[in-house]
Amino acid sequence: MVDVVVVGGGVAGAAVGALLGRMGIVTRVIDPNPEPLHDFRGEKLEGGQLELARRAGLDHAIRAVSTPVGTLWIARRGRVIDRRPDPQVDARYPDFVRAVRGEIGGSAALEVGKVASLRLSADTQRVSLVGGGEIQARLVVLATGLQPALAASVGLTREVLSPCHSVSVGFDVACPAGAFPFPALTWYSADIASRIAYLTLFPLDGPGGRVQRANLFVYRQLDDPWLRAVRERPLPVIQDALPGLADVIGPCSVVGPVHVRKADLTRTGASGVPGLVTVGDACGTSCPAAGTGLDKVLTDVLALARHAPTWLRSPGMSAEKVASYYEDSEKVRCDAWSLGRAWATRDHALGSTLRLRARRRLVAAAQGAVGRWRAVTR
Ligand SMILES: Cc1cc2nc3c(=O)[nH]c(=O)nc-3n(C[C@H](O)[C@H](O)[C@H](O)COP(=O)(O)OP(=O)(O)OC[C@H]3O[C@@H](n4cnc5c(N)ncnc54)[C@H](O)[C@@H]3O)c2cc1C
């Protein structure tokens, strides 16, 4: 019998393993992939996320595999209006996961396997593996990301708050001139008809590199013909929708595949279930355009690390006991903030009311003024 089985070794499950392992809690993290899969997920950690990673003791490992941006160029209304210092660090998602998995140690270990089913109770949890074998644990942490099957099998309901809330498009861009003229660039759409939130370009393989990653966030249905055109000819279609962009990025070409992912906003209700908690995307998803997924992941992990040691000190793992995790004030605040950001980012890009139009103009004017002041003082 172990203390905790973590199902899933993505960034959330791996971080739980790392933190509990340091606390001496006997933990097994189970994931079918010995090497993290190349999937399109969060590829940057921004200021607040780096602070959460620091609190979790994971920032050194994450920085070691990341490229720092240093300066971010911001474009609104068709031109670059600010070049601001930016703490963000960028890496491909599997590199983030590999870095966090590397922090699993002490009384925790990562094991290759796929969990087939769970039998939960207020006392002992039974975790069955595909191909045979069972692990008994006092607590199960479900960190299975977007895959709902295991959660559904133990009666957890996944509430879809906003289906296809946004669509993310990711691809690599190469600059034949040798290096891009900017360290990183975020380009906001000036036209609500484009249904684009923004395009962001950032280095993944060393600063000033020939290849940058491009992430585009749009509000369209997956079968929209415009998205089909983006899949086939990403740069011309995006440059057409974002006037001025082509002049700033210069001649460049797409290298490698174009990934298109839709994001539903979901929440998985897990209160009333004994012996189990959900973390990261398994607990609730976020909107990639709002960029709050890794805040949620790290906040969940820190909350769990605050509560789990107390639960394990006394017998049993009732639903009432684990409820303190879902009621954790920092987690409740972060979940609400993430949801609010998802709707606010969408409203900012699409809103046609007088108030939202005025707000967009005000944001662009304020950022332009700050940019001019920064340029003068520089
Ligand atoms: C396109 C896209 C762009 C994003 N961009 C950003 C961004 O810019 N900023 C940001 O903060 N967030 C972003 N996010 C959100 C962020 O990437 C996620 O919140 C985060 O990766 C969730 O991590 P996780 O560990 O919960 O899930 P995952 O990384 O999906 O991990 C789930 C793990 O569970 C394992 N698993 C599944 N089933 C089983 C099973 N039966 N047995 C054992 N293991 C199992 C899988 O193998 C996997 O390793 C983005 C998300 C997407 C989709």
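Below is a table of values for the structure above.
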{"read-out": "Members of region 146-196 that are within 14 Å of the ligand (Cβ to nearest atom), polar (S, T, N, Q) and either under 24 Å from the mean Cα position of the chain (by Cα) or part of a strand (DSSP E or B) (or both)", "value": "147, 166, 168, 186"}
{"read-out": "Flag for residue 32 being crowded, with 22+ Cβ neighbours inside 10 Å and within 14 Å of the ligand (Cβ to nearest atom)", "value": "no"}
{"read-out": "Near pairs, Cβ below 7 angstrom, 6+ apart or cross-chain, from region 32-54 (closer than 20 Å to residue 261 by Cβ and in a loop (DSSP other than H, G, I, E, B)) to any residue that is more than 7 Å from the ligand (Cβ to nearest atom) and of a type in the set (Gly, Ala, Ser)", "value": "43/91"}
{"read-out": "In region 7-29, the residues that are on the phi < 0 side of the Ramachandran plot and open to solvent by 30 Å² or more (accessible area, probe 1.4 Å)", "value": "22, 23, 26, 28"}
{"read-out": "Options 338, 314, 318, 329; residue that is buried (at least 16 other Cβ atoms within 10 Å of the Cβ) and over 17 Å from residue 190 (Cβ atoms)", "value": "338"}
{"read-out": "Cβ pairs under 6 Å, 6+ apart, first in region 289-306 and crowded, with 22+ Cβ neighbours inside 10 Å, second among the basic types (Lys, Arg) and in a helix (DSSP H, G or I)", "value": "290/341; 292/341; 299/331; 303/331"}
{"read-out": "Verdict on residue 353 being among the hydroxyl-bearing types (Ser, Thr, Tyr) and in contact (Cβ under 8 Å) with a residue 60 or more places away in the chain", "value": "no"}
{"read-out": "Criterion (without any contact (Cβ under 8 Å) to a residue 60 or more places away in the chain, part of a strand (DSSP E or B) and touching a helix residue (DSSP H, G or I) at 6+ places or on another chain (Cβ under 8 Å)) met by exactly one of 214, 229", "value": "214"}
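Residue-by-condition table, conditions (1) within 13 Å of the ligand (Cβ to nearest atom); (2) assigned to a helix (DSSP H, G or I); (3) hydroxyl-bearing (Ser, Thr, Tyr):
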residue	(1), (2), (3)
85	no, no, no
88	yes, no, no
94	yes, yes, no
98	yes, yes, no
103	no, no, no
111	yes, no, no
128	yes, no, yes
131	yes, no, no
136	no, no, no
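The values are calculated or read from the model by the stated rules, or taken from the named source; none is laboratory data. Keep in mind that what you see is a predicted model, and the values were worked out from it rather than measured. Note that each Cβ is placed from the backbone with ideal geometry, even for glycine, and that neighbours are counted across all protein chains shown. Calculation scope for accessible area: heavy atoms of the full protein, side chains included, ligands and nucleic acids excluded. Shrake-Rupley method; radii C 1.70, N 1.55, O 1.52, S 1.80 Å.
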